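Comments concern the structure below.
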Number of protein chains: 2
Amino acid sequence: MHIVSGEMTVGEGVYEALRHDIIFGQLSPSDKLKLDNLKSAYNASVATIREALNRLVTEGFVVTEGQRGFFVAPISGPELREIADLRILLECHALRLSFEAGDTEWEAEIIAAHHKLSRMEQRMQSGDHSEKETWKRYDWGFHQALISACGSRELLTLHGTIFDKYLRYQMRTLTFRGEAAAAEHRALLNYAMERDIENAQAVLRVHIEGGVEHSLAQENL
Amino acid sequence: MHIVSGEMTVGEGVYEALRHDIIFGQLSPSDKLKLDNLKSAYNASVATIREALNRLVTEGFVVTEGQRGFFVAPISGPELREIADLRILLECHALRLSFEAGDTEWEAEIIAAHHKLSRMEQRMQSGDHSEKETWKRYDWGFHQALISACGSRELLTLHGTIFDKYLRYQMRTLTFRGEAAAAEHRALLNYAMERDIENAQAVLRVHIEGGVEHSLAQENL
DNA sequence: ATTCTTGATATAATCGATTTTTAATAATAG
DNA sequence: CTATTATTAAAAATCGATTATATCAAGAAT
């Protein structure tokens with residue numbers, strides 16, 4: 001999950017916008033990314049568009065095959081499972097490191113993040129799905145806060161990319177998984193406060209796998 | 001570790017060459033990557049160079065900051081430890097999946113890869129350091145073969161990138177760690193044949209951490 | 001002597017044009 | 001009618017020029 005800050009070059013702005021639009025579904029899996037269309041849509045020249053697309057290629061959101069242009073990366077059920085597996089692996093590891101190092105500031109941070117998320121979840125549960133993107137930002141905020149004390153910038157960066165790949169699948173469903181998901185978030189918060197890593201990891205695994213099954217039940221990938 | 005195959009666009013060729021030169025040290029950490037110099041050195045126009053550099057930015061081999069151009073990513077002792085930690089995490093996980101799924105073909109593959117590597121290690125041990133790059137390619141070949149049956153393309157791709165980041169540090173030392181490293185490779189091969197994942201993971205951890213300490217002993221990062 | 005301001009130079013970022021390649025369509029042969 | 005080849009149009013990749021920004025050096029002010 002990228003948070004935009006400060007002044008950006010045109011190229012960076014195009015990169016962030018394209019990335020956002022792929023993750024949140026405005027650009028669909030396997031869509032051909034025609035340079036002339038993108039030029040108009042993102043208000044930059046073709047060469048600048050290509051720079052942004054090249055960044056997205058190594059990140060895995062765009063695929064290219066010499067001379068045939070760029071395509072939004074495809075999606076599939078098996079890939080979702082692989083990404084979820086990686087997310088579990090990285091996030092469980094980061095949780096352990098974070099629980100070991102986390103201090104009072106970190107506790108306050110995750111309480112605040114959870115508060116925002118649970119407010120959003122209440123709204124989703126009451127039937128208001130109008131701010132789906134905000135909901136997912138708070139979801140990210142909570143998970144990121146949980147692992148923020150892990151002490152490894154490389155791990156956090158990598159986790160962020162994997163999280164976004166997982167999020168792309170999540171954004172395809174129109175529904176909230178319900179009280180089960182909210183309960184899992186609450187459990188994660190409580191185990192964090194208690195520094196109970198074994199139970200936290202177990203809940204996280206259930207949580208992510210629940211999201212996978214929910215996605216796969218909604219569409220045939 | 002990227003293996004070059006088939007026809008490439010100029011842009012792809014520049015990307016591979018730059019990537020190679022960063023990993024193998026021809027372009028030093030924190031070097032300013034001046035576009036006019038690269039234009040001559042890599043025989044492509046500035047815009048094409050920029051495309052390749054953008055790919056390397058999201059991959060972490062190059063850093064950029066708004067109007068100031070591109071730099072080879074810096075190195076540091078803490079970062080090496082983080083990368084090693086990630087390599088251990090990913091490779092141990094992939095080993096487990098591979099041991100569960102590996103068949104006779106996979107066994108033959110790792111035996112062949114180990115043979116090549118041990119031949120190279122014999123040469124290093126006899127004092128011949130002339131083919132350091134080949135040695136590292138065989139090292140990669142062996143580790144990659146060990147995890148090749150893990151069944152996750154995402155995991156293999158990710159592991160490959162992390163391996164290359166780790167390799168960049170390894171290439172800075174001029175020396176072979178010695179019989180200890182060779183023995184660890186042999187142990188990995190034997191545990192793979194026996195599908196002994198616990199011992200294999202333990203040896204792998206020792207192996208990678210040995211490489212980290214060897215690197216840190218050689219230079220003050 | 002130090003700091004700030006201004007202008008010149010170097011360089012990065014972006015642009016649009018040109019070249020190269022691919023894809024689509026039409027013509028021809030079997 | 002189908003398959004192959006040739007032609008044309010569309011699009012991708014690369015190029016070099018232009019615009020925008022950073023850096024550096026010199027002069028002025030304190």
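The values are calculated or read from the model by the stated rules, or taken from the named source; none is laboratory data. Only a predicted model underlies this, so the values are computations on that prediction, with no experimental measurement involved. Cβ: placed from backbone, ideal geometry, glycine included. Neighbour counts: every protein chain shown.
Here are the numbers for this structure:
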item: Number of the exception - B:Asn43 against (1) within 12 Å of DNA strand D (Cβ to nearest atom); (2) in contact with a strand residue (DSSP E or B) (Cβ under 6 Å, 6 or more places away or on another chain); (3) of a type outside the set (Lys, Arg); result: (2)
item: Matching residues in the stretch B:10-38 - criterion: being away from DNA strand D (no atom under 16 Å from the Cβ), of a type outside the set (S, T, N, Q) and out of contact with any helix residue (DSSP H, G or I) (no Cβ under 8 Å at 6 or more places or on another chain); result: B:His20, B:Asp21, B:Pro29
item: Residue within the stretch A:189-202 that is within 14 Å of chain B (Cβ to nearest Cβ), within 16 Å of the chain's Cα centre (by Cα) and among the polar types (S, T, N, Q) present; result: no
item: Where A:Glu7 falls short, out of the listed (1) part of a loop (DSSP other than H, G, I, E, B); (2) within 14 Å of DNA strand D (Cβ to nearest atom); (3) surrounded by 15 or more Cβ atoms within 10 Å (Cβ to Cβ); result: (3)
item: Any hit, the stretch A:14-21, residues being of a type outside the set (Ser, Thr, Tyr), in contact with a strand residue (DSSP E or B) (Cβ under 7 Å, 6 or more places away or on another chain) and closer than 23 Å to A:Thr173 by Cα; result: no
item: Test: A:Thr175 is closer than 26 Å to A:Gly77 by Cα, in the same structural domain as A:Ile111 (by TED's automatic domain parsing) and outside any helix (DSSP H, G or I); result: yes
item: The one condition in (1) surrounded by fewer than 18 Cβ atoms within 10 Å (Cβ to Cβ); (2) more than 14 Å from chain A (Cβ to nearest Cβ); (3) away from DNA strand C (no atom under 14 Å from the Cβ); (4) within 30 Å of A:Glu16 (Cα to Cα) that B:Glu105 fails to fulfil; result: (4)
item: Some residue of the stretch B:78-85 being hydrophobic (A, V, I, L, M, F, W, C), out of contact with any strand residue (DSSP E or B) (no Cβ under 6 Å at 6 or more places or on another chain) and modelled with pLDDT under 95; result: no
item: Unique residue being within 17 Å of B:Trp135 (Cα to Cα) and touching a residue at least 12 places away in the same chain (Cβ under 8 Å) when the list is B:Arg195, B:Arg172; result: B:Arg172
item: Hits in the stretch A:133-172 (condition: assigned to a loop (DSSP other than H, G, I, E, B) and in contact with an Asp or Glu (Cβ under 6 Å, 6 or more places away or on another chain)); result: A:Ser152
item: Tally, over the stretch B:175-210, of residues that are under 24 Å from B:Ala149 (Cβ atoms) and not hydrophobic (A, V, I, L, M, F, W, C); result: 13
item: Residue tally, condition over 16 Å from B:Leu117 (Cα atoms), buried (at least 18 other Cβ atoms within 10 Å of the Cβ), charged (D, E, K, R) and more than 12 Å from chain A (Cβ to nearest Cβ), over the stretch B:165-187; result: 1
item: Checking A:Ile83 against (1) within 12 Å of chain B (Cβ to nearest Cβ); (2) touching a Leu at 6+ places or on another chain (Cβ under 7 Å); (3) closer than 24 Å to A:Val212 by Cβ, the condition it does not meet; result: (2)
item: Pick from the stretch A:138-154, criterion within 13 Å of another protein chain (Cβ to nearest Cβ) and surrounded by fewer than 22 Cβ atoms within 10 Å (Cβ to Cβ), ranking: farthest from the chain's Cα centre (by Cα); result: A:Gly151
item: Residue in the stretch A:23-45 that is more than 9 Å from DNA strand C (Cβ to nearest atom), within 14 Å of chain B (Cβ to nearest Cβ) and within 24 Å of A:Ser76 (Cβ to Cβ) present; result: no
item: Neighbours by Cβ (under 7 Å, 6+ apart or cross-chain): first from the stretch A:21-43, free of Cβ contacts under 8 Å to residues at least 24 places away in the same chain; second part of a loop (DSSP other than H, G, I, E, B) and crowded, with 16+ Cβ neighbours inside 10 Å; result: A:Asp21/A:Leu27
item: Checklist (1) more than 14 Å from chain B (Cβ to nearest Cβ); (2) part of a helix (DSSP H, G or I) applied to A:Thr48, failing item; result: (1)
item: Residue count, the stretch B:49-70 (criterion: over 21 Å from A:Val63 (Cβ atoms) and within 9 Å of DNA strand C (Cβ to nearest atom)); result: 7
item: Options A:Arg96, A:Arg81, A:Arg55, A:Arg50; residue that is touching a residue at least 24 places away in the same chain (Cβ under 8 Å), surrounded by 22 or more Cβ atoms within 10 Å (Cβ to Cβ) and of a type in the set (D, E, K, R); result: A:Arg55
item: Residue check for B:Val57: in contact with a strand residue (DSSP E or B) (Cβ under 9 Å, 6 or more places away or on another chain) and facing another protein chain (nearest Cβ under 10 Å); result: yes
